[in-house]
Ligand code: MV4
């Protein structure tokens, strides 16, 4: 057993922006820990800056000149007297050089070791580590393949179709499906070229291509000394262009037996690398019920709130406790899944234009409260959404006792929510949850590609315009009829326009 020294953490710098920076600061404040924000020139009035006790400017808008500059961030922590840095997700969160530099500066990095990041950041080394630890990996190679004839020979053994994957890739970048031997040479050359250019590493490996898989991931916490626990699974199969859009927990696809097996494999993964802090082990679940390790994300994830709601934990607090040297603050035996949670990512994007990002000022952001409703937001009314960063604005999370009730609650909350000033994907979410394969839980990673038709999507009319017109129509009709607009029969209109219309008329006027 290692003796874990206890580190004082009473002030933390959050090296991030947007909703995750806000979420982390909320957790820190509840622990009585002071918060320091960093911000770029366009983020001077961003929500994470307004939420922090102190805020330090770190440079121009482009992330490469601000949120990705390790030295400036470490300097800000030292100057403000923070003892630790929480990296959030994205930016520097999975950068081993950053975590090493943080520790070299005498600060605590609230996350895993650089060694864990290195093993999992390289898909081939992760595959080898998992195979050696007895975690199932997709049938394929454990060494890079460069020669097309060797590649074709391996593919013939595995059986077509196969997938070429870049060892340095991830999140769907640097992958190619090969359907037949004739296509191998070109595909291999192209994937190697792309990987070399994108990641500075052209190592490619081959895996059997699993058709129509589900994406299941398991939340873990490790103590950094070889012990880990799991916090059950999330299903993240609603994605487009390898970006998740809706996640839920539990997964509707797992039997209790399969759940136990996958969660045990995730614990084995974390323990095999003496993982420290919060991490996520991703698996693909094939239609025949077999599951395979895909990759491990060595950070707090976007979709962590659904685990928090179903398991009843605070993952930010757990991360800080581990970083302090206090170990894992939950015991496996006391954890279970209670009810059902769904997360809807609110993006500033136009579903009708291939989900192209949109910009503008948030004119209205009104999400109803009520039981089982959580909004993790990085924006507020009056905020100009900058073009420089991720277009995700906020996450709407709902919890209820059962999946059916959670879906009913989600439908109500999505309909009653108003987001004006930018084009966004709230209507997409209403569309998604009303699809039969979503409603019955049978959806796979091909859900959006198979069912969503951008050509049939409504053109991008500014919703505020539409609602003000609708409100004017309601009010003039009311004047003629002399009745109360609140008593109108509820119209099953997908934007719940009469409620939104009243909001639109009474806000910012
Ligand atoms: C796969 C796969 C099928 N077979 N590997 C996509 C992102 C990266 N994490 C790995 N991915 C996949 N790997 C094999 N052998 C299908 C995917 C995949 C996918 C995985 C998870 C979530 C969404 C996905 C969408 C398309 C493809």
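Read-outs throughout are calculated quantities, based only on the coordinates presented, and are distinct from any laboratory measurement. Not measured: the values here are computed from a predicted model. We place every Cβ from the backbone using ideal geometry, glycine too, and count neighbours over all the protein chains shown.
Separation of region 306-331 and region 399-449 by C-alpha centroid, Å?
If we compute the Cα centre of each part, the gap is 28 Å.
Would you give the gap between the C-alpha center of region 93-126 and the C-alpha center of region 234-268, rounded to a whole Å?
25
Label 7 Å along Cα→Cβ of residue 104; region 118-132 residues with amide nitrogen under 17 Å?
Within reach of a label on residue 104: 118.
Based only on other Cβ atoms within 10 Å, what is the fewest-to-most ordering of 365, 375?
So the residues, fewest neighbours to most, are 375, 365.
Would you list the P(r) distribution for region 139-208, with all Cα-Cα distances sorted into 5 Å bins from 0 and each bin expressed as a whole %?
3, 21, 33, 26, 13, 3
If each residue of separation counts as 0.36 nm, what is the full-extension length gain between residue 78 and residue 10 once their alpha-carbon separation is subtracted?
Values: separation 68, 0.36 × 68 = 24.48 nm, distance 1.35 nm.
Length difference between fully extended and current span is 23.1 nm.
Could you calculate, for the chain, the ratio of the Cα radius of gyration to the Kirkwood radius, expressed as Rg to Rh?
Using Cα coordinates only, the ratio equals 0.98.
Show log10 I(q)/I(0) for region 161-266 at q = 0.13, 0.14, 0.17, 0.23 Å⁻¹, two decimals, from a solvent-free Debye sum over equal Cα scatterers.
For the requested q values the scattering log ratios are -0.66, -0.75, -0.95, -1.13.
Kindly put 165, 244 in sequence by how many other C-beta atoms sit within 10 Å of each C-beta, fewest to most. Please list the in-between numbers first.
Numbers: 165 28, 244 21.
Ascending number of Cβ neighbours within 10 Å: 244, 165.
Order these by the 10 Å Cβ neighbour count, fewest first: 236, 263, 51, 329. Walk me through the numbers before you get to the answer.
On the way: 236 25, 263 22, 51 19, 329 15.
Going from least to most buried by this count: 329, 51, 263, 236.
Can you give me the relative contact order of the chain as a percent, contacts being Cα pairs under 8 Å and 6 or more apart?
Details: 1049 pairs, mean separation 66.2, N = 509.
Reported relative contact order: 13 percent.
Mean residue ellipticity at 222 nm from the helices of the chain, using -39,500 (n - 2.57) per DSSP H segment of n ≥ 4 over the full residue count, to the nearest 500 deg cm²/dmol?
Value at 222 nm, helices only: -10000 deg cm²/dmol.
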